[in-house]
Every structure is written in C-alpha cells, then in structure tokens.
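The values are calculated or read from the model by the stated rules, or taken from the named source; none is laboratory data. Every value quoted in this text rests on a predicted model; they were computed, and no experiment measured them. With ideal geometry, Cβ positions are generated from the backbone for all residues, glycine too; neighbour counts draw on all protein chains shown.
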Amino acid sequence: MKKIVKAVEKRKQEFGGLGGVVGYGVPARGGQTDLEINRVSLQEDVLRKNKVLFGDQMESATMAYNMLRTQVYKKMTSNGWTSLAVTSANKGEGKSLTALNLALSLSRSVQQTVVLVDLDLRRPSIQKKLNVSPTYGMSDYFRGDAPPSSVMFKPEQSNLVVLPGRESLDNASELLASPRTAQLFSELKKYFPSRIVVLDLPPILLVDDVMVIADYVDCSLLVVSEGNSKKEELHQASELLEGTNVLGTVLNNSRSSVSGGSYDYYYGSDY
C-alpha cells in the first residue's frame, strides 16, 4: 500500500466547437459486419485547448503517453486482459484526460479495436473534452433508452470507438450494479471480439462505483496529481484497490520533470 506514495516521492527526488457528425457509418473493426458507427469530425484547435493529444500534436506529451501505452499494453496482453479502469483517489487529478489520451494512443498503435467508455456517470466529461454533443450517451443506455450501438461514435482519423456520457445520473452506483452493466460488456465483446476497453471511472474515494464494477474489470490505473494528491488519500485508495490487478500509478502535472511541461507522467508499476 505504501508503494504508491514511495513512487511519487522517488519521482520528485530523481527529477527535483462542436464536432460535426458525418452522416455515414463504418463497419466495426473486428466486429459484426452489420454494425455501423457514426464518424465524428473534431476540431484540432479545441482538442489542443483541452489538452487532448490527437495525431502528432504536442510532441513531448505524445511521447509520454506512448511510453505509458507501451507499458500498459505489454502488461495487459501478457496476462490476457482486455479491460482497463482509470480512476483516481479524488477529483481534479486528471483521470478522465488520462483515460482519453491513453485510449487515443493505444488506438494508433495496436491491431485491436480500442473502446473508451465514460462510466463516470455522475460527472461525464469525455464528450466535453472532445467538444461533441452526442444524441445518446451512457445515461440513455443505463435508463434503457438506447442500445450501446446508438451511443458509439468514432473520431475521424482514428481507430477509437467512444461511448460518451451525456447527462449526469445521481443513482450511478445502483445503475452500475444492475444487469445493464453485464449486458454492456457482453455487447462490446460481441461487437468487438478483439478489443481493449478503457473505462473512465469516478474517483474511488468519493463514490463506490469503482468497487461496484470491479468484477467486470481486468486491471486498473491510479492517477495521482502532484500538488493535489494527499498521502492519506493515496493510502485509502490503495487499500480499496487491494486484491485487484493494479498496473501502477500515473503521476500527473509533475513540476519537477525533466521536460518541464504540464503533460508529464510517471508510470510506477506493480505497487
């Protein structure tokens, strides 16, 4: 449990507009031929403002995510894992942006479909970071108003499939504990037999959503923000994650990094 805090401290010591929906569908990569997913065009200036790494923008940040991607993918494939949860101890630590950029980085390199699902049902933000206003979101799916295929879209020039949020749901943990969650993972497996699913989940100390969905998740990453994360919170988060397959921690916003940017990440494995 103490290794998260040690990893952060070691790092410090060592380095002192709305996207337009294109009106056509595309076959799902590695899935059923009759599944069509809408393509969405994204505005690069908006992505840059929101710190979303699309293509070769912001080279140092892209390289950092690529390093994280390689380590995560290697560990997942060696264990036969296909689903990854991204969480943090508390809010404001960058877990949603980490989930989004990691999923984008994976989609540019692996020969599998990469699916990003916004399961932070109380505070969905993936659609905001991509500047997209979806017709349907995960709130509609969990209320029974839309199937998963209606929620999906693909950003242009990527192999990523996104299931965004839309509206905030107060009864998120009850919905995640319902049969709709099992149905969701079953549908994703059917649509994409060869897949990596990245899940953006709420902070683990604020709500019980991460624990509710734990049985459906193969492994997880814990995002830590320098200057925001507190030692006692990291201890509590590590205790809650004990017994699960935690790949490691991601140190976000390191002021003491060698590159000096706000996109610097440290991946500390196997605490």
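Which of the residues that make up segment 208-233 are surrounded by fewer than 18 Cβ atoms within 10 Å (Cβ to Cβ) and hydrophobic (A, V, I, L, M, F, W, C)? The answer is M211, A214.
Of the numbered conditions (1) in contact with a Leu (Cβ under 7 Å, 6 or more places away or on another chain); (2) at pLDDT 95 or above, G80 fails exactly one; give the number of that condition. For G80, the failing item is (1). Kindly indicate the residue of segment 243-271 that is modelled with pLDDT of 85 or more and farther than 30 Å from K49 by Cβ and also nearest to the chain's Cα centre (by Cα) among those meeting that condition. Selected residue: V246. Within segment 67-92, residues that are within 26 Å of E233 (Cα to Cα) reach partners that are of a type in the set (D, E, K, R) and in a strand (DSSP E or B) with beta carbons closer than 7 Å, at six or more positions or on different chains, in the pairs V86/D200.
When each of L205, L201 is tested for being at pLDDT 85 or above and more than 15 Å from the chain's Cα centre (by Cα), the lone residue that passes is L205.
Of all the listed residues (F142, F185), the sole one being surrounded by 15 or more Cβ atoms within 10 Å (Cβ to Cβ) and under 22 Å from T98 (Cβ atoms) is F185. With respect to the stated conditions, K51 is basic (K, R) and in contact with a helix residue (DSSP H, G or I) (Cβ under 9 Å, 6 or more places away or on another chain). Within segment 94-121, if we keep just the residues that are assigned to a loop (DSSP other than H, G, I, E, B) and either under 13 Å from the mean Cα position of the chain (by Cα) or at pLDDT 95 or above (or both), the residue that is nearest to V224 (Cα to Cα) turns out to be G94.
Is it true that S78 is farther than 27 Å from P193 by Cβ, hydroxyl-bearing (S, T, Y) and assigned to a helix (DSSP H, G or I)? Considered against the rule, which asks whether it is farther than 27 Å from P193 by Cβ, hydroxyl-bearing (S, T, Y) and assigned to a helix (DSSP H, G or I), S78 comes out as no. Filtering segment 166-181 to residues that are under 19 Å from the mean Cα position of the chain (by Cα) and exposed (fewer than 14 other Cβ atoms within 10 Å of the Cβ) leaves E167, S168.
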